[in-house]
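Here is the structure we will look at, set down as structure tokens.
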Amino acid sequence: MGKPSLEKLRELWGGSLLEAIEGMAGEGPRIRWLEQSDLPAEELLWWEQGFSRDAGWVIWIGVPAAEADLAGRRALAGAGVQEVSAEEARATWIELLNQAFSAMAQQVSELSGESISAANGKVAPGPPPDGETQVAELSLAGGEIIRLRMAVSGALEAAAEKWLAEPPPAENPALRPLGEREEHSYKTLDLLKDVELPVSVSFGRTQLPLQDVLKLTAGSVIELDRTIDEPVALIVNDTVVALGEVVVVEGNYGVRIQKIMSREDLLRTSGFR
């Protein structure tokens, strides 16, 4: 392929897909990128994925429909689900894609220094308009091979080139101390003060293979990634804005704020759920 920007993007997506499959099926697949393939782009089932930062940032993933269903069945089989309909197999493949792109967006956020999430993806009617695609073979633990084609929009490729060449500047206006911002910024903020946002508290999180989720019953205990001594996370609009301790206020739970997150922390934790 040759272009560092494309190599980076396919590295991020490929690694995220492997993690998604392993997390669901409990087995480690492998991916190998090829220079050539006889896989016709016109005969594939295409998925089109955008990103929140820019409508022009798009990635397309194409795979033969039968192999997409096979990947879905293998993922569910690894999770202990043997009887799978065609609709369930296809839906599972799409869920794997969604998980992969969601994880990739978090890595792109770190790379670009901006808060970026995966937009709603959709089944595309055909191959991407630009035509140039990269080919890979996904090897599942059972020996099955899933053939893939990946295409990246020119806008996303150009953005990746910029990330690799120029790390996020420290003087980004979004990262400046409040005292250094222009006066008109406060006037803009005044318009937003009455906007209501969802606020929630997270005691922790974890990841479970689907086979373990299916075994959950009343009385099951799930171990989280936070000890009893660690603070809980205060989340506003899917972003961790503060850490604190749990208290009781007139018979209700509350949170006593111990730390307000810095701007670097906000970028690093955006998308937290």
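Since every read-out is calculated from the coordinates, none of them should be taken as a lab result. The model shown is predicted, which means the values in this text are computed figures rather than measured ones. Counting neighbours? That spans all protein chains shown, and the Cβs are built from the backbone with ideal geometry, glycine included.
Considering the range 82-164 at the alpha-carbon level, its Rg and Dmax are found to be 15.4, 47 Å.
The peptide list 35-44, 229-238, put in order of mean Cβ contacts within 10 Å with the highest first, becomes 229-238, 35-44.
Show log10 I(q)/I(0) for the range 194-269 at q = 0.27 Å⁻¹, two decimals, from a solvent-free Debye sum over equal Cα scatterers. Once normalised to I(0) and log-transformed, intensities are -1.25. Can you give the Rg to Rh ratio of the range 4-165, both from alpha-carbon atoms, with Rh computed by the Kirkwood formula? Expressed as Rg/Rh, it is 0.95.
If you take the beta carbon distance between Asp238 and Lys215 as r and set R0 to 30 Å, what does 1/(1 + (r/R0)^6) give as a FRET efficiency, to the nearest 0.05?
For R0 = 30 Å, the calculated efficiency reads 0.55.
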